[in-house]
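Derivation of every value follows stated rules applied to the coordinates shown; laboratory data play no part. Just so you know, these numbers come straight off a predicted model, no measurement behind them. Every residue, glycine among them, receives a Cβ derived from its backbone with ideal geometry; neighbour counts consider all protein chains shown.
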Amino acid sequence: MISHSGTEAVKAPARPLDGIVIADFSRVLAGPYATMLLADMGAEVIKVESPAGDDTRSWVPPVRPDGVSTYYSAINRNKKSVVLDLKNDDDLAAAKELAARADVVIENFKPGGLRRFGLDYHSVRERNEAVIYCSISGFGTAEGASLPGYDLIVQAMSGLMSLTGDPDGQPYRAGISVFDVMAGLHSTIGILAALHHRDRTGQGQNIETSLMASAMSGLVNQTSAYVAGGVTPFRMGNAHPSLFPYEALPTADDDLIVTAGNNAQFRKLCQVLGVPKLADDERFAENSNRTQRREELRPLLVERLKTQTAEYWFNKLNEAGIANGPINTIKQGVEYAQLLGLEPVVQVGSGTKTVPGVRNPITFSQTPARYDLAPPELGEHTEEVRAWLAASAVPTNASKGA
């Protein structure tokens with residue numbers, strides 16, 4: 001395998017995907033997020049970039065102190081960057097050799113876009129029968145193949161934006177590219193499942209994910225409301241269609257998220273707020289009643305909450321085991337995660353080349369994620385990767401491993 005220094009790597013604790021080589025032809029968010037997670041778990045990810053580089057390199061502001069896009073930095077650690085111009089014969093040959101050696105090829109070109117370069121699944125499989133080939137698109141490879149796969153468009157067309165915002169206000173996008181992230185996660189799950197299948201059978205396969213399919217699955221209870229119940233959900237602000245209270249409620253100073261997921265929790269909430277009789281009121285005794293009569297119940301809860309600050313109620317409700325929380329900024333969210341011992345910030349890289357990053361969310365007891373490589377500069381590893389590719393040819397349908 002290619003070492004991080006160009007020579008044999010120093011022995012380190014094994015990770016789940018040590019020995020797996022991923023040829024990453026993806027750009028922007030969904031694919032790079034998937035391959036970063038896989039790289040954290042030990043996969044050798046070779047990021048193939050055009051001479052112009054991944055678009056997110058220029059998505060600024062904000063930037064790190066060294067001028068690098070924080071967007072790019074967020075999803076590209078633990079990778080090696082090689083610049084290959086697929087319109088150049090020599091570079092295309094190197095790309096094909098890389099695909100022939102990879103355990104996994106991942107791409108998010110427009111459906112069919114790599115066919116003209118001989119880098120589509122069927123072409124790659126001719127030399128690499130056991131390859132796991134993952135394609136990510138916006139709207140699938142059938143009638144939606146020609147549609148551009150922007151997360152914002154999927155948020156609009158999937159119905160998510162119709163759920164986001166005030167009931168009488170305009171629809172809003174989520175604060176992140178939520179379906180890009182979901183598609184990246186779904187791709188990661190698919191790749192891991194396919195690797196397990198290959199371990200058992202020796203067979204590779206083609207995996208397809210799309211932002212729209214991820215949206216249909218990721219909207220969970222909202223899509224189910226229509227599919228199973230014939231109900232078309234609508235915007236409710238911060239309210240929940242099936243639970244109350246489960247939203248932001250005002251206190252003496254700031255809003256506080258207050259929840260009661262069942263009757264026992266509602267009874268406990270009423271006790272802490274000093275209105276225990278509400279839990280016995282037949283109008284509010286069951287969740288279905290509370291949900292249907294939320295406009296009657298809300299002012300009764302708010303009347304008590306407004307007697308004290310959000311911090312006061314946060315502590316009181318936590319002591320009673322009632323889920324609640326303030327509406328933090330990102331800064332406050334990171335600081336609170338640190339306070340909880342979740343260690344959200346890690347140092348990525350080694351020596352003088354280290355940058356802060358957000359830790360992989362999975363904790364392994366035996367094979368922890370590592371953060372060996374800072375997000376690469378454009379083409380930083382081109383010579384190293386080319387030297388490895390030139391070292392020896394890969395026989396047709398051979399086992400992989402670098």
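Here are some notes:
- Length gained when the stretch SER224-ALA193 is fully extended (0.36 nm per residue, less Cα-Cα span): 8.6 nm
- Residue (of ILE191, SER224, VAL385) at the positive-pole extreme of the chain, dipole from beta-carbon charges: SER224
- Bridge orientation summary for the chain: considering DSSP beta bridges with both residues in this region, about 40 percent are antiparallel.
- Between PHE117 and THR232, the contour length at 0.36 nm per residue exceeds the alpha carbon distance by 37.0 nm.
- Cα-projected label distance for ILE176 with ALA252, points at 7 Å along beta-carbon direction, nm: 3.5 nm
- Oblate is the label for segment 327-379. Its Cα gyration tensor axes, ordered a ≥ b ≥ c, give a/c of at least 1.5 and b/c at or above a/b.
- Summing charges over all other residues whose Cβ lies under 10 Å from the Cβ of ALA260, with Lys and Arg as +1 and Asp and Glu as -1, gives +3.
- Pair ASP168, GLU377: separation of 7 Å Cα→Cβ label points (nm): 5.7 nm
- Overall form of the chain per C-alpha gyration tensor (a/c, 1.5; a/b vs b/c): prolate
- Shape call, segment 219-362: gyration tensor on alpha carbons, a/c limit 1.5: oblate
- Of the residues ASN287, LEU211, ALA145, the one whose Cα sits farthest towards the positive end of the charge dipole of the chain is ASN287 (charges of +1 on Lys and Arg Cβ, -1 on Asp and Glu Cβ, taken about the Cα centre).
- Charge dipole (Cα centre; +1 on Lys/Arg Cβ, -1 on Asp/Glu Cβ; no other charges) of segment 197-283 amounts to roughly 320 debye.
- Amide H contacts under 5 Å for VAL348: VAL355, GLY357, restricted to partners 5 or more places along the chain or on a different chain, H placed in the peptide plane at 1.01 Å from N.
- FRET efficiency for ALA239 and GLU143, using Cβ-Cβ distance with R0 set to 41 Å, rounded to 0.05: 0.70
- Contour minus Cα-Cα distance for ALA390 and VAL63 (0.36 nm per residue): 114.1 nm
- Separation of the ASP85 and ALA156 label points, Cα + 7 Å toward Cβ, nm: 3.5 nm
- Size of charge dipole - the chain - debye, nearest 20, with Cβ of Lys, Arg +1 and Asp, Glu -1, no other charges: 500 debye
- Mean sequence separation of contacting Cα pairs (under 8 Å, at least six apart), scaled by the length of segment 13-81, corresponds to a relative contact order of 34 percent.
- Note on segment 334-391: with charges restricted to the Cβ of Lys and Arg (+1) and Asp and Glu (-1), its dipole about the Cα centre is near 140 debye.
- Long-range HN-HN contacts of THR164 with modeled amide H, under 5 Å: TYR172
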